[in-house]
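Below: one structure, written as C-alpha cells.
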Amino acid sequence: MKKFRRLASILMVAAAVVFAAGCTKDNPNNGGGNNGGGGNNGGGGTPDPTNGPIHLPSVITENMDLQDLGYDVDYIVDNSVTIKSNALVTVRPGVTIRVEGSKSENSNHGIIVRENAALKMTGTSAKPIRFVGYEGCGANERTWLGITVSTQSEENRWECVEIHNAGSEEGEHPAVWVMAGSLAMKGCLIDGSNNCGLGLYRWDDVDGILTEFTGNTIKNCAVAPISMYGYNAVNTLTTGNTYQNENNYVYFYSGAGITHYFDVDVRFKKLEIPYYFPKSQEWRGGHTVTIDPGVEMLFDNVGLETTAVTFQAIGSAQSPITFRPRNPQNRWGGLRLSSSTEGNIVSHCLLKDGGSSSTSSGYQGTSLLYIGPNVKLTLKDNTFENCRYYGVAIADIKKFDNVTHSGNQFRNCELANVHIITGGLYHGVMYSNSNGNMNLDQLPTP
C-alpha cells in the first residue's frame, strides 16, 4: 500500500476542497439537469427549486435547509463546498446530492465542515439521504473526495445517509473523514471508497471521534472500512455495524512506525472486525490499555512494545484474545513487554505465527512474547503457538521476580519454548541462556 501523504498537506487540500457528495432515488447516477439557482459565492437560506436541481454554492456561511425537491437529483455540487462560520446545513429525508467530480481517482471535489459549522442529515429507511458521483459513473468508480468533518458540534448527526463513489486513492482521503471533529452515525451506508470508508484522525492534539455509531454498513472499500490516526478514538468504536470489504479490519495508519503516548485510558472492544497494525508500535503514557475477550490484533512483520503503560489483555477460555500476522503465510514480530508499571496482565491469549526477525539480528522479533527486566506481570492460561524461534524470551532471569505465571502452553516453538537471554542464579537454581523445551511453569513463581 502506498504511504499516506502528510496530514498537513491533506488538511490544506481539504480546506480548499470541502463539501461534496452524490446520490439517487431511482438510479443514483442518473437524472438531474444543470439548471437551477444557488451561485458559487457564499450563501444560505432555502434554495429556490423553480428551475430544477439546485447548484450549491462553493461557500456556505449561513444556515441552509435542503428539502427534497422531488427530482432524481435535487442538488448538485459542481466542484467543492465549504460549510464554515456558524452555519448549520440541514438535509431533509429523501434528498439526493450529486457531486460532479471526475473520472480521476484523485478528484478534489468534496465537502468540508469547519470552524463552528455543522452538517445535520436526518433521513429515514424509506427516504434515505443519498450522495452519488457524477452522472453516469459506474457503481465501483470513485469520483469525488468525500466529506470532512472538522468541528465538534453536536449537530453533526447523520441518520440513514448513503455515501456512494467517494474516497480518493490510498494516500488521500476516506469517504468520510472525521478530523479533530465529532460525528454521530446511525443506519448509514458507505459504499465504494477508493480509500477507507471512515477515517478518525487526530490533529493538533484533538481526536476525531464518534458520538454514536450503530447500525451502519461499510462495504466495497479498497483499503479498509475504518482507518485511524491516533488511538483515543478507539473508545468510541462500538458493535452493531456491518462490514463487507476485502480488507476487513480497523486500519491504524502509523507512518514508518509510531511511539504513541496515551493521554487517556483506552479499551479495544470486540468488534465485528479485527484491528490491524501495519507498522511497529510502541505504547507509552502512564495510562491503561485494555483489550477485551475475543479481540483479534493483526500485524505485518512488526511487533508491539509496551513501555510505561499498563497493558491488560484479558481474554477468557471461551473468547481468547488473538495476536497473529495479518497474512497467515507471514510472521509477526511478537509482543514485547517492557513496562514496570503495576497491573500488567496477559491472560487467555493466543499468540501465534511469530519470528519475523533472524536471531542474528538480536532478540527483537524472535519470540512471541519478550519479557523485559523488572517487568511486573501476571501471565496465565496463554498459548504460544508456531514460532520460528522462541515462544517466550526472558531478558534477565535475575530480574524475573515480579512475574507470576501459570497454565501457559507451548506448541511448535522451533528453537525453544522458553529462552533466557541473560542467565544466572534464580531461586537457588542456575539457569543457562538456552533452556530447550522447558515449560515456563517450571520456573519458580514469586
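The values are calculated or read from the model by the stated rules, or taken from the named source; none is laboratory data. Being a predicted model, the structure only gives us computed values, none of them experimental. Here the Cβ positions follow ideal geometry from the backbone for every residue, glycine too, while neighbour counts run over all protein chains shown.
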Practice task
Please give the strands (runs of 3 or more DSSP E) falling wholly within the range 181-227 in which 1 or more residues are surrounded by fewer than 24 Cβ atoms within 10 Å (Cβ to Cβ).
Solution key: 182-186, 189-191, 209-214, 217-219
Problem - From the options LEU337, LEU415, residue that is under 21 Å from ARG284 (Cα atoms) and touching a residue at least 40 places away in the same chain (Cβ under 8 Å) - result: LEU337
Practice task
Would you mind telling me which numbered condition in (1) outside any loop (DSSP other than H, G, I, E, B); (2) modelled with pLDDT of 95 or more; (3) outside the structural domain of ASN408 (by TED's automatic domain parsing) HIS260 fails?
Solution key: (2)
Practice task
Sort through SER347, SER432 and tell me the only one that's touching a strand residue (DSSP E or B) at 6+ places or on another chain (Cβ under 9 Å) and at pLDDT 90 or above.
Solution key: SER347
Problem - Of the criteria (1) at pLDDT below 95; (2) surrounded by 17 or more Cβ atoms within 10 Å (Cβ to Cβ); (3) on the phi < 0 side of the Ramachandran plot, which one GLY355 fails - result: (3)
Handout entry: Total residues in the range 209-223, condition at pLDDT 95 or above and under 30 Å from ARG284 (Cα atoms)
Key = 5
Handout entry: Positions within the range 388-446 being among the polar types (S, T, N, Q) and in a helix (DSSP H, G or I), in sequence order
Key = GLN442
Practice task
Would you be able to say whether some residue in the range 163-175 is under 15 Å from the mean Cα position of the chain (by Cα) and of a type in the set (A, V, I, L, M)?
Solution key: yes
Handout entry: Selection from the range 308-328 of residues that are modelled with pLDDT of 90 or more and assigned to a loop (DSSP other than H, G, I, E, B)
Key = VAL309, GLY315, SER316, ALA317, GLN318, SER319, PRO320, ARG326, ASN327
Fill in the blank from the handout: Restricted to the range 111-153 and to residues being of a type in the set (Gly, Ala, Ser) and either at pLDDT 95 or above or in a strand (DSSP E or B) (or both), the residue farthest from the chain's Cα centre (by Cα) is ALA126
Practice task
Could you please give the count of residues in the range 288-346 that are of a type in the set (Phe, Trp, Tyr) and either within 19 Å of TYR261 (Cβ to Cβ) or surrounded by fewer than 23 Cβ atoms within 10 Å (Cβ to Cβ) (or both)?
Solution key: 1
Exercise for the section: Identify all residues within the range 378-402 that are surrounded by fewer than 24 Cβ atoms within 10 Å (Cβ to Cβ), over 15 Å from ASP353 (Cβ atoms) and at pLDDT 95 or above; write none if there are none. Expected result: THR378, LYS380, ASP381
Exercise for the section: Considering each of GLY215, GLY197, GLY230, GLY208 in turn, give the residue that is more than 13 Å from the chain's Cα centre (by Cα) and either closer than 25 Å to LEU119 by Cβ or not assigned by TED's automatic domain parsing to the domain that holds GLY294 (or both). Expected result: GLY215
Exercise for the section: Tell me, please, whether a residue that is at pLDDT 55 or above, surrounded by 23 or more Cβ atoms within 10 Å (Cβ to Cβ) and within 30 Å of the chain's Cα centre (by Cα) can be found in the range 69-77. Expected result: yes
